[in-house]
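Engineer: Handing you this structure, nothing more for now.
The values are calculated or read from the model by the stated rules, or taken from the named source; none is laboratory data. On a predicted model such as this, the values are computed, not experimentally measured, just so you know. Note that each Cβ is placed from the backbone with ideal geometry, even for glycine, and that neighbours are counted across all protein chains shown.
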Amino acid sequence: MDFRLTEEQQFFKDNVAKLVDKMIKPRAEEIDEKDEITTDIIQEMGRLGYLGIRYPESVGGMGADMMTYALFIEEIARGSLSVGANIAMQTLMGTDFIYRFGSDEIKERCFFPALRGEKLGTIAFTEPNAGSDLANIHTVARKEGDHYIVNGQKTWITNATVADFATVVASTDRSKGLKGLGFFLIERSTPGYNVGKKIHKLGTRGSENTELTFEDCKIPAENLLGEEGKGVVYLGQILAEIRIMTGALALGLAKTAFDDGLQYSKERTAFGRPIAKFQLIAAKLTEMYMNYEAAKLMVYHAAWLKDNDLPHSKEAASAKMFAVEMACKVVDEVTRIYGAYGFAMEYPAQRYFRDARFLLYGGGTHEILKTVIARELTGRL
Ligand SMILES: Cc1cc2nc3c(=O)[nH]c(=O)nc-3n(C[C@H](O)[C@H](O)[C@H](O)COP(=O)(O)OP(=O)(O)OC[C@H]3O[C@@H](n4cnc5c(N)ncnc54)[C@H](O)[C@@H]3O)c2cc1C
């Protein structure tokens with residue numbers, strides 16, 4: 001058993017870290033304050049080839065394995081969780097289905113420009129009355145000749161304020177519940193595609209979330225990605241990746257918060273000594289370190305299992321949940337280490353604290369994940 005990164009992985013991680021320290025980390029505060037997506041960063045990542053990281057070289061990607069992808073996402077999140085969320089959307093959920101099921105024309109129009117950072121993609125499944133409960137999705141796609149007519153409303157859609165296209169989950173037969181759901185590519189230019197109200201959020205404010213409505217959106221039949229009724233199956237095929245990726249986002253956020261907290265505890269003095277010298281502060285540091293290391297092993301292990309074609313479903317779900325709970329605890333402890341300055345907007349601790357909450361939802365809420373893991377552990381009783 002070898003726990004070290006390969007030379008290639010370490011080299012890659014170091015290069016991304018340098019880029020993040022130069023291009024993203026110094027802007028993290030400004031990104032949060034402006035409350036707007038930084039398209040220039042996405043464009044630059046596209047120019048450098050990173051947006052194709054998990055797609056094969058044959059289509060212009062980097063052909064990276066899950067482990068390398070996790071390292072990449074972790075580094076970006078270390079710089080800014082908002083940018084991490086945007087890059088994750090662009091490299092995974094926002095483009096995966098058009099890569100897998102899009103026609104050559106769709107790929108030419110949407111996928112390749114997205115890899116270059118020239119167009120932004122997103123995914124839209126959540127509705128005002130259906131989040132975890134996908135079977136309750138009301139958006140419908142009605143076949144009419146060689147077209148579909150899509151009607152419905154989505155919410156919480158990442159970067160829909162500026163996205164050029166969305167992979168939309170809609171039902172072709174509501175009586176079939178989950179088995180009636182399919183994926184449809186709908187481009188922003190389609191008449192009836194309306195970008196609604198922007199949601200003002202607690203954290204990851206440089207990643208925008210918006211309502212989307214479709215009013216008689218007429219799209220060609222080829223915009224059905226894959227087959228009718230297979231949406232949940234297709235989503236299931238990348239769910240573990242989404243969970244490992246979210247775990248990696250949590251690692252990046254926890255690392256940056258921990259590093260800041262450690263530094264502050266060595267510099268801040270009280271009662272004539274650095275606060276790090278007090279046992280109760282030192283205990284916080286060691287517990288944060290211990291849990292961060294444990295989470296890292298779980299996330300990397302889940303990625304390794306996936307890369308080696310071994311079963312990894314409950315491992316990915318567990319890694320996501322453990323890493324996110326760890327990150328939520330770390331950001332809480334770091335704000336305490338900062339004392340009153342953990343409550344001040346000019347220090348980063350409050351941003352980490354706010355941003356961490358974002359991690360609770362992507363890839364499944366922890367109530368849902370616990371159910372999923374328990375089901376796998378207990379089997380059919
Ligand atoms: C920052 C952010 C970005 C997002 N980006 C996107 C996006 O780009 N595209 C998109 O489609 N969606 C997006 N979402 C939505 C996200 O996927 C949903 O929030 C998530 O699926 C949960 O749905 P919900 O919020 O409607 O909660 P609900 O499903 O209504 O759940 C509410 C509570 O009930 C619990 N619960 C629900 N069902 C069960 C059950 N069976 N057992 C036990 N407990 C249960 C949940 O765990 C939760 O605690 C985003 C959300 C956020 C916060």
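Engineer: Do the conditions hold for ALA317, that is, is it closer than 23 Å to ALA64 by Cβ and in the same structural domain as LEU249 (by TED's automatic domain parsing)?
Structural biologist: Criteria met by ALA317.
Engineer: Which numbered condition trips up GLY342, out of (1) more than 24 Å from the chain's Cα centre (by Cα); (2) more than 16 Å from the ligand (Cβ to nearest atom); (3) without any contact (Cβ under 8 Å) to a residue 24 or more places away in the chain; (4) surrounded by fewer than 21 Cβ atoms within 10 Å (Cβ to Cβ)?
Structural biologist: Answer for GLY342: the failing condition is (4).
Engineer: Would you mind stating whether ILE238 is in contact (Cβ under 8 Å) with a residue 40 or more places away in the chain, assigned to a strand (DSSP E or B) and in contact with a Phe, Trp or Tyr (Cβ under 9 Å, 6 or more places away or on another chain)?
Structural biologist: No, not satisfied.
Engineer: Sticking with this structure for a sec: Please enumerate the residues belonging to segment 88-132 that are of a type in the set (Gly, Ala, Ser) and farther than 21 Å from LEU359 by Cα.
Structural biologist: Within segment 88-132, GLY102, SER103, ALA114, GLY117 meet the criteria.
Engineer: Go through segment 158-187 and report how many residues are within 15 Å of the ligand (Cβ to nearest atom) and either more than 18 Å from GLU127 (Cα to Cα) or assigned by TED's automatic domain parsing to the domain that holds GLN350 (or both).
Structural biologist: Residues that pass the stated criteria total 2.
Engineer: Name the residue, out of GLU144, GLU118, that is under 30 Å from THR68 (Cα atoms), of a type in the set (Asp, Glu) and surrounded by fewer than 20 Cβ atoms within 10 Å (Cβ to Cβ).
Structural biologist: GLU118
Engineer: Residues that are closer than 18 Å to ILE106 by Cα: find the strands (runs of 3 or more DSSP E) completely inside segment 148-213 holding 2 or more of those.
Structural biologist: 165-171, 181-187
Engineer: Can I ask one more? Among the residues of segment 315-330, are any touching a Phe, Trp or Tyr at 6+ places or on another chain (Cβ under 8 Å) and either within 14 Å of the ligand (Cβ to nearest atom) or on the phi < 0 side of the Ramachandran plot (or both)?
Structural biologist: So far as segment 315-330 goes, yes, one or more of its residues are touching a Phe, Trp or Tyr at 6+ places or on another chain (Cβ under 8 Å) and either within 14 Å of the ligand (Cβ to nearest atom) or on the phi < 0 side of the Ramachandran plot (or both).
Engineer: When only residues in segment 207-232 that are within 16 Å of the ligand (Cβ to nearest atom) and not aliphatic (A, V, I, L, M) count, which is farthest from GLY196 (Cα to Cα)?
Structural biologist: For segment 207-232, the residue satisfying everything is GLY231.
Engineer: Anything in segment 263-281 that is part of a helix (DSSP H, G or I), surrounded by 11 or more Cβ atoms within 10 Å (Cβ to Cβ) and without any contact (Cβ under 8 Å) to a residue 12 or more places away in the chain? List them, or say none.
Structural biologist: GLN263, LYS266, LYS277
Engineer: Scanning for something within 26 Å of LYS266 (Cβ to Cβ) and not in a helix (DSSP H, G or I), does segment 320-333 turn up at least one residue?
Structural biologist: No, the conditions are met nowhere in segment 320-333.
Engineer: For THR95, are the conditions met, namely being among the polar types (S, T, N, Q), in contact (Cβ under 8 Å) with a residue 24 or more places away in the chain, within 23 Å of TYR300 (Cβ to Cβ) and not assigned by TED's automatic domain parsing to the domain that holds ALA170?
Structural biologist: Here the answer is no, as THR95 does not meet what is asked.
Engineer: Out of (1) under 16 Å from GLU208 (Cα atoms); (2) in a loop (DSSP other than H, G, I, E, B); (3) near the ligand (Cβ under 10 Å from one of its atoms), the odd one out for SER132 is which?
Structural biologist: All conditions pass for SER132, except number (1).
Engineer: Just for segment 354-381: of the residues that are within 9 Å of the ligand (Cβ to nearest atom) and assigned to a loop (DSSP other than H, G, I, E, B), which one is modelled with the lowest pLDDT?
Structural biologist: The qualifying residue modelled with the lowest pLDDT is GLY362.
Engineer: Please go through (1) under 27 Å from LYS34 (Cβ atoms); (2) of a type in the set (Val, Ile, Thr); (3) over 16 Å from the mean Cα position of the chain (by Cα); (4) surrounded by 19 or more Cβ atoms within 10 Å (Cβ to Cβ) for THR213 and return the number of the only condition it doesn't satisfy.
Structural biologist: (4)
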